[in-house]
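Laboratory data are not the source of any read-out in this text; all were calculated from the coordinates shown. Predicted, not measured: the structure shown is a model, and the values here were computed from it. Positions of Cβ are backbone-derived with ideal geometry, glycine not excepted, and every protein chain shown enters the neighbour counts.
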Amino acid sequence: MRNRDIFRPLILCLVMLMCAIVQVSAASQVIYKEELRTYTDRGYVRVGHFEVNGRTAFCMEHSNESPPTGTAVTSKIYKNEKIRKILYYGWEGPGQWSGFASQKQGITLTSLLLSETYTTAQPVGTYNFVDGLVQFRNYVNSQPAPDLDLKFSKPRVKAYYDRELDAERTEDITVQGSGAGKLTVTIPEDIILHNNKTGEEVSGTVVLVPGDSFYLRTAGSFSFDKTSEIKGKNLALQPIVFVTASTGLQDLTRLELAEDTAESTKLTVDWVGRLTLRILKKDIETGEPLAGAEFHVEKLDEDGQPTPEGDRYVTTDADGVATIGNWLYCGRKYRITEVKAPYAYALDSESKTIEVTGSNEVEEVTFNDRKQKVKIIVDKDGRYYRIESGRIEARTGKLQGAVYQVTAAEDIADWNGLTVLYKQGAVVQTIVTDENGQAVADELPPGKYSITELKAPDGYVVDREIRSYNLTVDENRSELDHKVSFINKVKTTEFRVTKYDADTKKPLANAHFRITDSEGRSIEVCTDKEGIAVVKNLPPGEYTLTEVEAPRGYRLETKSQHFTIEYEGDNADVSLTAYNHRTGGPTTGDNVSGAIILYMILFGAAVTNLAVIRIARKRMKKAHSYDKI
């Protein structure tokens with residue numbers, strides 16, 4: 001290629017850029033400069049050399065007649081990438097093909113290729129016999145489409161909240177394209193364009209050039225709109241078609257620096273805007289959603305204090321979700337507090353504070369509540385007796401083996417509050433006291449329950465009292481331990497021993513016995529005047545009865561007797577009989593008449609002795625009186 005050919009495209013481009021912008025529907029006139037003939041083995045082909053407004057224009061309808069000088073034409077932008085590509089790489093185009101041998105060939109081949117593309121009158125290949133046309137067509141087809149329209153590096157961007165700016169902003173966007181085109185952009189109200197090259201921040205109408213880098217941000221902290229569309233008009237090289245009034249005359253074309261009649265270049269911005277708050281309420285154990293939880297949501301200031309304009313109350317639905325749509329602002333903090341728990345659940349008293357970053361369109365917060373569960377604890381005590389320090393003492397202790405039934409005193413709802421878990425009168429649980437005297441019915445929902453003793457421990461009397469309780473749990477608690485105390489009465493036992501004279505079979509009083517249990521503890525009893533000694537409430541067990549002191553005048557019985565005490569059956573009451581034999585002399589227990597006679601004889605002897613002594617004293621006194629005379 002000749003040196004001057006190197007600069008030809010640049011010169012042509014500069015000339016074109018310096019031309020005035022062609023206005024749509026502007027009227028112009030054609031100058032028909034000359035006819036260009038190309039001779040081939042099939043004859044010659046002729047095209048016209050035209051100018052419009054002082055610059056070369058190419059015919060596009062070779063089958064039609066050439067417009068003569070003075071023909072009025074109307075110009076319009078022709079949005080066709082194939083035509084623009086031919087003009088770009090054609091004669092006098094910015095990317096002019098280096099294969100053109102002359103102006104004549106350049107105009108001829110460019111016009112013929114345009115006619116193939118613009119009309120159907122000459123199909124592709126019609127003029128392949130023209131020297132250089134096939135090569136020019138192949139070259140154009142092999143080249144990329146010229147990027148003459150300016151456009152944004154991304155057609156759609158998503159904004160995010162920038163803490164440093166305290167505003168929403170987009171990522172960086174670049175103006176893409178080649179040449180000296182310009183893009184006139186209209187920025188919506190309340191949006192600012194920040195030019196990364198100059199650092200300027202502008203709004204309204206902005207002119208951008210290829211290579212400009214910028215981002216968009218909100219004028220305030222947040223956007224009231226969810227989406228903005230930034231529109232721009234291109235000022236770039238476009239195919240301009242000069243249309244003649246007659247359909248029999250050729251239309252002409254060339255590339256010109258033209259502004260779009262419409263804002264065809266667009267950039268869509270998805271702003272963060274106001275976000276949605278979604279509160280999820282779940283069972284902490286099962287993860288099931290919970291309806292009916294009420295929350296108080298407060299907007300906080302920089303000091304963490306509620307702002308006067310910012311609070312809402314919401315309640316979870318059947319899916320356990322409470323939603324406040326388009327309410328949260330980026331960069332702001334909100335406090336969420338549960339003020340009412342779902343039915344039969346404990347209130348979560350711990351508030352949650354969130355800071356809205358805009359990273360998600362929906363800010364989601366989950367609260368987990370625990371079921372309110374009731375535990376019924378039956379505490380079983382009973383009286384029992386024990387030999388201690390020579391006597392029978394009554395004591396109270398824990399009883400194992402008592403059986404209780406817990407029933408629903410009314411219909412009891414499940415934790416969802418919608419279905420009946422236990423109908424009135426239904427048995428909820430049957431429980432038995434352990435070695436600590438306790439029986440537990442747990443994992444129960446709040447409600448009214450009755451507790452009935454079905455079976456008492458061995459040796460005790462069943463407590464027939466039915467006790468009912470309406471068991472509710474404070475909203476701040478998840479559990480209630482309700483203790484119920486039962487005391488059983490022990491069944492009574494009686495041991496009786498009767499003492500008789502072995503010969504007369506008469507009852508003998510004052511016989512002393514020792515009763516000893518299997519562990520060596522003992523108690524002593526004495527027969528009354530009926531010869532009977534009674535011991536009540538001996539604890540069940542094996543015993544030995546031993547006489548430790550016989551009635552006076554009787555020999556001690558050295559042979560012990562064994563007996564068993566039980567709470568039930570024949571051994572609940574035990575009776576034994578014991579006999580004593582007399583000793584040699586009168587003893588306690590003989591006929592009392594002999595003793596009385598003996599006492600009378602002794603008393604008479606004493607009286608006689610006193611009388612004798614008294615008479616003797618009188619005689620002595622009388623004899624003494626005679627001596628004085």
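So here's what we get for this one:
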| item | result |
| --- | --- |
| Kirkwood Rh, angstrom, region 65-138 [1 / mean 1/r, Cα pairs] | 13.3 Å |
| Of Lys85/Lys266; Lys158/Lys299; Lys151/Lys333, those spanning more than 28 Å from alpha-carbon to alpha-carbon | Lys151/Lys333 |
| Measure of compaction for region 494-580 (Cα Rg per 2.2 N^0.38 Å) | 1.05 |
| Angle between the chain longest axis and helix 593-628 axis [Cα atoms, degrees, rounded to 10] | 50 degrees |
| Difference of contour (0.36 nm per residue) and Cα-Cα distance, Lys197 to Tyr579 | 124.5 nm |
| Cα pair distances of the chain binned at 20 Å [whole percent] | 13, 19, 15, 14, 11, 9, 8, 6, 3, 2, 1, 0 |
| Rounded to 10°, Cα long-axis angle of helix 103-118 versus longest principal axis of the chain | 50 degrees |
| Coil-residue GluC sites (Glu not before Pro) of region 350-436, DSSP, other Cβ within 10 Å capped at 11 | Glu350, Glu435 |
| Nearby lysines by direct alpha-carbon distance to Lys448 (threshold 20 angstrom, same-chain neighbours under 8 apart not counted) | Lys371, Lys373, Lys375, Lys423, Lys483 |
| Length-normalised contact order of region 374-508 in % [C-alpha pairs under 8 Å, at least 6 apart] | 30 percent |
| Mean separation of Cα contacts under 8 Å, 6 or more apart, over the residue count of the chain: relative contact order % | 8 percent |
| Spacing of the two label points (7 Å from each Cα toward its C-beta) at Glu350 and Asp458, in nm | 5.2 nm |
| Gain on full stretching of the segment that runs from Glu34 to Lys398 - 0.36 nm per residue minus C-alpha separation | 118.2 nm |
| Debye intensity ratio in log₁₀ form over the Cα atoms of region 227-269, taken at each q of 0.17, 0.30, 0.34 Å⁻¹ | -0.61, -0.97, -1.06 |
| Once the Cα gyration tensor of region 389-459 is diagonalised, semi-axes √(5λ) in Å | 35, 11, 9 |
| Zone residues, region 199-229, relative to Lys333, backbone N less than 20 Å from point 7 Å out along Cα-to-Cβ | 221-222 |
| Packing-based exposure ordering (other Cβ within 10 Å, fewest first) of Leu87, Leu444 | Leu444, Leu87 |
| Principal semi-axes in Å for region 16-162 [√(5λ), Cα gyration tensor, largest first] | 31, 21, 13 |
| Estimated FRET transfer efficiency (Arg514, Lys559; beta-carbon r; R0 22 Å; 0.05) | 0.95 |
| Per-pair calculated FRET efficiency, R0 = 35 Å: Asn326 and Lys266 via Cβ, rounded to 0.05 | 0.90 |
| Relative intensity, log₁₀ I(q)/I(0), of region 360-499 from a Debye sum that treats every alpha carbon as a point, q = 0.10, 0.11, 0.16 Å⁻¹ | -0.47, -0.54, -0.86 |
| Whole-angstrom gap from region 373-417 to region 203-275, using each part's C-alpha centre | 87 Å |
